[in-house]
Amino acid sequence: MSEIEIIEKPLPAVRLAARRGVVPSQPDIADFVGPSFDAVASIIGDESGSLTTPIAQYHASEDGTEVVVGYAYNGAPREGFEIVTLPAERLAICGIHLGSMDRIAESWQSIHAEILARGFVPAGPCRELYVRAVSEDQSDWVTELQQPIAAAPAS
């Protein structure tokens, strides 16, 4: 498993200019996420620094993975994206993944192992905040993994 520093913190509500969809299988997620970020970015441009906070939210469903992809945005709605508000979360386990997305599953495994070790369970969709995601080869990417949590039920 990946060695990452893990912290507990609340997550703020975030209003996104976003696209959403259901992706049938894990390998298809990248084919949805990248083009969705590009499409939203081409519509909003970088007005007032709107492209500085890219976020994706993921939630497993019976049909695959429900994905919301967008940028923190305070502007007016426009054709080509929807306004989606990710709710505030009282508590989340968070960690930083460094580098390529092809190894992000290892970092998520570390997050989920730590959630269980601390006596919590996942409570809702997870988020990825792309702190730095510029280079084509992803070697210098910095991604904050955010998983809302709740106390584990007593057994």
Legend entry - Average accessible area per residue (Å²) across the chain - probe 1.4 Å, nucleic acids and ligands excluded: 54
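In µm²/s, what is D for segment 46-134 at 10 °C and 1.306 mPa s, where D = kT/(6 pi eta Rh) by Stokes-Einstein and Rh is the Kirkwood radius from Cα pairs? Before the final figure, lay out each step's value.
Details: Rh = 15.1 Å.
Stokes-Einstein gives a translational diffusion coefficient of 105 µm²/s.
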Inset, instruction - Give me the distance between the Cα centres of segment 101-151 and segment 1-76, rounded to whole Å. - result: 13
Legend entry - Amide H contacts under 5 Å for V131, placed H, 5+ residues apart: V142, T143, E144
Inset, instruction - Summarise the accessible area of the chain (1.4 Å probe, protein heavy atoms) by the percent that is carbon and sulfur. - result: 53
Legend entry - Over the chain: helical MRE at 222 nm, DSSP H runs n ≥ 4 each giving -39500 (n - 2.57), nearest 500: -6500 deg cm²/dmol
Legend entry - Along each principal axis, Cα extent of the chain, largest first, Å: 49, 32, 31
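The values are calculated or read from the model by the stated rules, or taken from the named source; none is laboratory data. No experiment lies behind these values; they were computed from the predicted model shown. All accessible areas refer to the heavy atoms of the entire protein, side chains included, with ligands and DNA or RNA removed. Shrake-Rupley method; radii C 1.70, N 1.55, O 1.52, S 1.80 Å.
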